Amino acid sequence: MPVISKIQIKNASITKTNLFKLLDLISQEKFLIAPAEGPDLEDINFLPVTGAEQICFDYENTLVPPKEYFFGQSECMFSFSPRSNESITVTDQSEELVFFGVRPCDVKAIELLDKFYERSFVDDYYLSKRACSVIISVACSQLNEECFCTSVGSGPVLTEGFDIQLIDAGNDFAVQVGSEKGLQLYEQYQDFFGAPIDVDAEKEFEKAKASEPGFDLQRVYDRLKSNKVDDRLWADIARRCQSCGLCLLLCPTCSCYTVIDRVTPNGRNLRMREWDCCYFEGFTRMAGGQNPVKPKEEMIKRKYYHKLVQQIDEFGMSGCTGCGRCNTVCVGNVNWLENIRKIEGSGRDV
Amino acid sequence: MNLKHVATTCPYCGAGCGFYLKVKEGELAGVIPSKNHPVSQGRLCIKGITSWQSVIGADRIKKPLVKKNGEFKETSWDKALDLVAEKLTAVREKHGPDSLGVWGSARCTNELNYLAQKLARAVLGTNNVDHCARTCHSPTVAGLVRSFGSGAMTNSIDELKDSACIFAVGSNAPEAHPLIGWRIITAKDKGARIIVCDPRKTDMAQYADFHIQHYPGTDIALLNCLMNVIISEGLEDKEYVRTRTEGFEELKKAVAKYTPEYTEPVVGVSSRMLAKAARLYATTKPASIIYTLGITEHTVGTENVMSVANLAMLTGNVGIESGGVNPLRGQNNVQGACDMAALPNVYPGYQKVDDPQIQQKFEKAWDVKLSPKPGLTLTDQLIQAREGNIKGLYIIGEDPLTSDPNITEVRKALESLEFLVVHEIYMTPTAKMADVVLPGASFAEKTGTFTNSERRVQLINKAIEPICSSRGDWEIVCDVATRMGYPFEYADTAGVMDEIASLTPIYGGISHDRIRKVGLQWPCLDKSHPGTKYLHKDKFSRGLGKFHAIEHRPPAEVPDEQYPFILSTGRIRFHYNVGTMSRRTHLLDREHPFMFVEVNTADGERLSIRDMDDCTVSTRRGQLTVKARVSDRVKQGVLWMPFHFVEAPANLLTNDAFCPIARTGEYKACAARLEKAK
């Protein structure tokens, strides 16, 4: 079954008071995952909430993308006994989750992951979790410092691909229902919603685009594809890269993982899959020590090509959704947006 | 969905990054970076993001182990603790309190270290308490106390990004302290000038405007030369020198002979570059010096530290924002373990054991008679064990059989003991030699505090139940003390911190509740004190800063015909110290799974050793056969090895010659031979 069955968009509205009440009810009746403050350090991340008062409504975005609920940093696929092949226990993936507050860039990223994980090998671990989730996303009313979604067509407001989208309209949110799953949720809680109200999503988009130091994606695509980028750019990034992997591990569209068997301290045998990434030298090193993607410049060039050319060719959408997380986490001060602009800028200032 | 985030502090280096442990169904499932944390600011290194994996290995020690007929048998806590108490009591009665030693741990909490030194002093009755700072930054504490009056990083980590000049000597921050490396890269991006002094072309050196590639063990000659140029060209901060320091004339006299021309052959760096670097450092303010073990791990370690302090004071760079002398501490809580007095000569907060007033204060607080005699360092405890004078050791979270220089001698010392008890989370070579092994709790399994390199006291919170049957290791120390007739009664570690605060002026205002959201930097004198961002503003802790006149002395062992290379050791990005945790972390061990020696290309050619060839490195103490990494990263005539690999421990080779003041071993320079493996 496809993860998202799109429907013709149905419009409605909800007052902010009613939204609070609705989320409060959902949090009691279902598992609700929403932006919430962590303990002590008070960072905002997607966390299970058991009451609407725990939800943070005034937030930009989380540092860890919501992909972690479908494709976890570390997840057990199954446990097993090494001596008997009948003792395999597959981890239950059927917990129904409702998400609130996912940003358009991350909804777009999940759309790309959906395409990736059902491409050739159908990945049940990912897809079954996606099948029992429904996402209420919230369009952005302003761009953050590191964001550039308008250049890659993933925000600040979505035109399709969402379950339910909320757009801030002062005292109310405009509500758009865009999928079967979204419609089911909407119908279950229909009493909370009101008549459609007017918001001009197109205008919001144009306004955001004007304020963003963006780029022309087509031009970036052409220049990367025709290999017109000065190699000094890759050398500069390679020199800065400290191999922490965070720009990829926390990228909402990165989908790479490694599979390992782990024996826990109390003796259970687990087959795990864990986030992995192409900036780790061991990721592409072969037995015998040879590595086809070495030196580091090659790894870096490959990442830009993959996200800005290959995924556009394959999925018809950019592999970068403009969330800006990779800029926030870099200990080498590599700025992905600035580098894309250098790629776009015909190489003279590279 | 049973999922929570628990805020904590990274268990690896001294930068002290903050993050959340992700706990799913009661088990660790990942690390979530924190944007709000003042050090990490949303970032982490590869060790930090994978740190949760390091403590869930299948081979965690699960139950107390007692050795019978050379083999370990699992036993109950009660039996193991009774045995520890009984044996320690027996050794004390037979040989006296000073035949015992306790090693605290830079890997463990402040609360544990406080209790460990209290166990030694108040229960066993000896000041023989120390910890692994002895193998790293003890010269920093000794040297900076002599120069400034207190031995810690003078400034805060985040100030580095606003320095106009960064002078790094014997420090490879991007690999060893990645979040400090980030500040250096940021400073460089903002236009700061970078001077790196290191025998290797380290990752740090690639950001340098000047890379001074001097020989290992020639730091004093190098620093004296820079000061010679500064003074002879009149570039010193005369007003600062006059009003805030003493001993300038002696310094001037001492550095007079170290002209660039005189120094060039000693350090192996051109006189032109030495003069240029001196001018750049002296004329670019604020300038921050950072250093690590390239300075301290020498027989002249303490004097190296004082030379660094000389240079900073000469140019008026101490006591100002984004300046200073900044020793980057290598372990998560090595600052705290020093603060808590897991040291033989002081009580918590560097209060001297041989000061009668201080002794009285602690006798009153602990209600017991205390020894006024400073104890033995761990270096000397091992020497005295070989001599037959130390009979029992209680080692917490440390593996001297991998981490101390010349481990053949360390083995002899441990073999001569009547009783050895070790707290560990995994079986290490040292734990294997113990009579009793007590399973420790990792950073994810307990609540307490770590103090980072910038003196910031920060919380770690219990995220999961202690794995297997281990309990919080602070409780183990309490149990031992109580069984020996001195009840340690604390409800929790917050209670231990309250006692620490009541006796330690620099921690006077610290409590777990106060540091829940963001840590406090000591000195923090009382409950309303906001903590201290940088030290020595307007006045040094000791009053005037003191210049010391110091002469260059070569390492204890210098190359000769038989051993023509200088061998130095250090860390790589993907591993941490003796590898107990990083080698058990899948991604880290995959990034770098094997031991190696760095060889200069010209030396490789001469000896017909190619990259990845097997080769044998030998010193007067032992030999190892490892892979050669041939490149221009090391200077000709120099070899370099990491020390993370227990299967090929570099410290089989290193020299157990020690700094006479701080008693730290000379890990950074000894004479070695290199041959192609047969």
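The values are calculated or read from the model by the stated rules, or taken from the named source; none is laboratory data. Predicted model, so just to flag it, every value in this text is computed and none were measured. Ideal geometry is used to build each Cβ from the backbone, glycine not excepted, and the neighbour counts take in all protein chains shown.
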Quiz prompt | Count of residues meeting criterion [touching a strand residue (DSSP E or B) at 6+ places or on another chain (Cβ under 7 Å) and at the interface with chain A (Cβ under 8 Å from one of its Cβ atoms)] in the range B:37-47 | solution = 4
Quiz item: When only residues in the range A:261-281 that are touching a Leu at 6+ places or on another chain (Cβ under 9 Å) and in a loop (DSSP other than H, G, I, E, B) count, which is farthest from the other protein chains (Cβ to nearest Cβ)?
Solution: A:C278
Self-check item: Yes/no for B:L28 being within 9 Å of another protein chain (Cβ to nearest Cβ) and assigned to a loop (DSSP other than H, G, I, E, B)
Solution: no
Self-check item: Number of the condition not met by A:N327 [criteria: (1) away from chain B (no Cβ under 14 Å); (2) under 21 Å from A:E344 (Cβ atoms)]
Solution: (1)
Quiz item: So which of B:K285, B:K276 is part of a helix (DSSP H, G or I) and in contact (Cβ under 8 Å) with a residue 60 or more places away in the chain?
Solution: B:K276
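Looking at the range B:81-95, is at least one residue part of a loop (DSSP other than H, G, I, E, B) and either facing chain A (nearest Cβ under 9 Å) or polar (S, T, N, Q) (or both)?
no
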Quiz prompt | Residues (among the polar types (S, T, N, Q) and not in a helix (DSSP H, G or I)) located in the range B:444-498 | solution = B:T447, B:T449, B:T451, B:N452, B:S453, B:Q458, B:N461, B:S469, B:S470
Exercise. Keeping to the range B:180-204, report how many residues are within 23 Å of B:S453 (Cα to Cα), within 22 Å of the chain's Cα centre (by Cα) and not acidic (D, E).
Key: 9
Exercise. Specify the residue that is nearest to the other protein chains (Cβ to nearest Cβ); the eligible residues are those in the range A:91-146 that are in contact (Cβ under 8 Å) with a residue 40 or more places away in the chain and among the small types (G, A, S).
Key: A:S133
Quiz item: Can you spot a residue in the range A:283-301 that is within 11 Å of another protein chain (Cβ to nearest Cβ), over 18 Å from the mean Cα position of the chain (by Cα) and surrounded by 19 or more Cβ atoms within 10 Å (Cβ to Cβ)?
Solution: yes
Quiz item: B:H512 passes all but one of (1) surrounded by 17 or more Cβ atoms within 10 Å (Cβ to Cβ); (2) under 30 Å from B:V267 (Cα atoms); (3) not basic (K, R); which number fails?
Solution: (2)
Quiz item: Mind checking which residues of the range B:40-59 are surrounded by fewer than 23 Cβ atoms within 10 Å (Cβ to Cβ), at pLDDT below 95 and either touching a Cys at 6+ places or on another chain (Cβ under 8 Å) or not hydrophobic (A, V, I, L, M, F, W, C) (or both)?
Solution: B:G57, B:D59
Quiz prompt | Residue in the range A:288-301 that is of a type in the set (S, T, N, Q) and closer than 30 Å to A:P82 by Cβ present | solution = no
Quiz prompt | Subset tally (residues that are without any contact (Cβ under 8 Å) to a residue 60 or more places away in the chain and either farther than 30 Å from B:E409 by Cα or assigned to a loop (DSSP other than H, G, I, E, B) (or both)) for the range B:370-398 | solution = 2
Exercise. Could you list all residues from the range B:590-626 that are surrounded by 19 or more Cβ atoms within 10 Å (Cβ to Cβ) and part of a helix (DSSP H, G or I)?
Key: B:E591, B:D603, B:G604
Practice problem: Looking only at the range A:182-229, count how many residues are in contact with a Lys or Arg (Cβ under 9 Å, 6 or more places away or on another chain), free of Cβ contacts under 8 Å to residues at least 24 places away in the same chain and assigned to a loop (DSSP other than H, G, I, E, B). | Solution: 0
Exercise. Being touching a Leu at 6+ places or on another chain (Cβ under 9 Å) and facing chain B (nearest Cβ under 10 Å) is the filter; apply it to the range A:246-259 and report the residue that is farthest from A:C326 (Cα to Cα).
Key: A:T258
Practice problem: Go through the range B:178-193 and count every residue that is under 11 Å from B:L328 (Cβ atoms), at the interface with chain A (Cβ under 7 Å from one of its Cβ atoms) and among the aliphatic types (A, V, I, L, M). | Solution: 1
Quiz item: All but one of (1) out of contact with any Asp or Glu (no Cβ under 6 Å at 6 or more places or on another chain); (2) of a type outside the set (G, A, S); (3) closer than 17 Å to B:V318 by Cα hold for B:I230; which doesn't?
Solution: (1)
Quiz item: Scanning for something part of a loop (DSSP other than H, G, I, E, B), within 14 Å of chain A (Cβ to nearest Cβ), in contact with a Leu (Cβ under 6 Å, 6 or more places away or on another chain) and of a type in the set (A, V, I, L, M), does the range B:4-20 turn up at least one residue?
Solution: yes
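Yes or no, residue by residue, for (1) surrounded by fewer than 23 Cβ atoms within 10 Å (Cβ to Cβ); (2) hydroxyl-bearing (S, T, Y); (3) assigned by TED's automatic domain parsing to the domain that holds A:G155; (4) touching a Leu at 6+ places or on another chain (Cβ under 9 Å):
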residue	(1), (2), (3), (4)
A:L22	yes, no, yes, no
A:L25	yes, no, yes, no
A:F31	yes, no, yes, yes
A:D43	no, no, yes, yes
A:V90	yes, no, yes, no
A:L97	yes, no, yes, yes
A:V102	no, no, yes, no
A:D106	no, no, yes, no
A:I110	no, no, yes, no
Quiz prompt | Search result, residues across the range A:52-78 that are without any contact (Cβ under 8 Å) to a residue 60 or more places away in the chain, within 20 Å of A:I260 (Cα to Cα) and more than 12 Å from chain B (Cβ to nearest Cβ) | solution = none
Exercise. Go through the range A:31-51 residue by residue and tally those that are in a loop (DSSP other than H, G, I, E, B), in contact with a Gly (Cβ under 7 Å, 6 or more places away or on another chain) and either small (G, A, S) or more than 8 Å from chain B (Cβ to nearest Cβ) (or both).
Key: 0
Quiz item: Which ones in the range B:544-557 are touching a Gly at 6+ places or on another chain (Cβ under 8 Å) and in a loop (DSSP other than H, G, I, E, B)?
Solution: B:F547, B:H548, B:A549, B:P554, B:P555
Practice problem: Return the only residue of B:V308, B:V318 being part of a loop (DSSP other than H, G, I, E, B), within 23 Å of the chain's Cα centre (by Cα), under 19 Å from B:T140 (Cβ atoms) and of a type in the set (A, V, I, L, M). | Solution: B:V318
Quiz item: Pick from the range A:229-245 the residues that are within 11 Å of another protein chain (Cβ to nearest Cβ) and under 15 Å from A:N335 (Cβ atoms): which of them is surrounded by the fewest Cβ atoms within 10 Å (Cβ to Cβ)?
Solution: A:R239
Quiz item: Going through the range A:79-90 one residue at a time, which ones are in contact (Cβ under 8 Å) with a residue 40 or more places away in the chain and small (G, A, S)?
Solution: A:S79, A:S81
